[in-house]
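A quick write-up on the structure given underneath.
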Amino acid sequence: MLQVRENDAQAFEELMLRYQNRVLSLLSHLVGQRDLAEDLAQEVFLRVYRARKSYVPGAKFSTWLFTIAGNVASNALRSKSRRREVHLSPRSSDTGAQSLEAAAIAASGLMPTRQIDKAEMCAAVQQAIAGLNERQRMAVLLAKFEHFSYADIGAVMEMTPQAVKSLLSRARYNLREALQPYLERGAPVNGVANEGIDEVQKTSAASSETNL
């Protein structure tokens, strides 16, 4: 980033190559639409480039970067809310979805008590994650997907480490409440019928949206 600050275009390209997949994955799970996340990822790196002259080394670069990504996602979600659109299931790559599945199950402290198809599990976990509020979802993704410490998450979300710990505790409880009936007996997640899970499974966890 220090090289980028000195207008090194090659350094900026390298920066994007190193971080674009992580930023895109985070944004996809935050906003629930792959195409929107791709646009927002471009906005994130555009903001990084525009802010290059004011960049001062301090906290980890990734913390600074994900702070920008979180702000961009929040703005997009507010805009979506004004349009009253609800996106039920975020789209993600197979690898990202499986990692998110494992992270959500680990965060909830639950293990499946029945055999579950991976695609079905992925859809259910995505619904559970989507059911968290914006701040809980962000904290879970940073903790389990990016392996951020409480302090790093706090720097991104402007919270104390103790507040982050409390936020994650509530998020784990909510994930556990959402996933336990499904993992044990196949009950709907967050009030979404099993048919909805089947449909997501058929479309490889593609985004679904309902206009209210």
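The values are calculated or read from the model by the stated rules, or taken from the named source; none is laboratory data. Here the structure is a predicted model, which is why all the values come from computation and not from measurement. Ideal geometry is used to build each Cβ from the backbone, glycine not excepted, and the neighbour counts take in all protein chains shown.
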Checklist entry - Quick one: in the stretch 40-62, which of the residues that are over 16 Å from residue 11 (Cα atoms) and among the small types (Gly, Ala, Ser) is surrounded by the most Cβ atoms within 10 Å (Cβ to Cβ)? => result 41
Checklist entry - Taking interchain pairs and intrachain pairs at least six residues apart, which have beta carbon atoms under 7 angstrom, with the first residue in the stretch 113-132 and modelled with pLDDT under 75 and the second hydrophobic (A, V, I, L, M, F, W, C) and not in a loop (DSSP other than H, G, I, E, B)? => result 113/183; 120/197; 122/97
Item to check | Selected residue (criterion: farthest from the chain's Cα centre (by Cα)) from residues of the stretch 1-41 that are under 19 Å from residue 146 (Cα atoms) and of a type in the set (D, E, K, R) | outcome: 18
Next on the checklist: Where the second residue is of a type in the set (Gly, Ala, Ser) and in a helix (DSSP H, G or I) and the first is under 16 Å from residue 149 (Cα atoms) and lies in the stretch 50-70, which pairs have Cβ atoms under 6 Å and are six or more apart or on separate chains?
Outcome noted: 59/155; 63/155
Checklist entry - Hey, residue 26 hits all of (1) part of a helix (DSSP H, G or I); (2) surrounded by fewer than 23 Cβ atoms within 10 Å (Cβ to Cβ) but one; which does it fall short on? => result (2)
Checklist entry - Residues of the stretch 151-164 being surrounded by fewer than 19 Cβ atoms within 10 Å (Cβ to Cβ) and of a type outside the set (A, V, I, L, M), which ones? => result 158, 160, 161, 162
Item to check | Verdict on residue 31 being in contact with a Lys or Arg (Cβ under 7 Å, 6 or more places away or on another chain), modelled with pLDDT under 95 and of a type in the set (Val, Ile, Thr) | outcome: no
Checklist outcome for this item: The residue from 200, 164, 156 that alone is within 19 Å of the chain's Cα centre (by Cα), outside any loop (DSSP other than H, G, I, E, B) and at pLDDT below 50 is 200
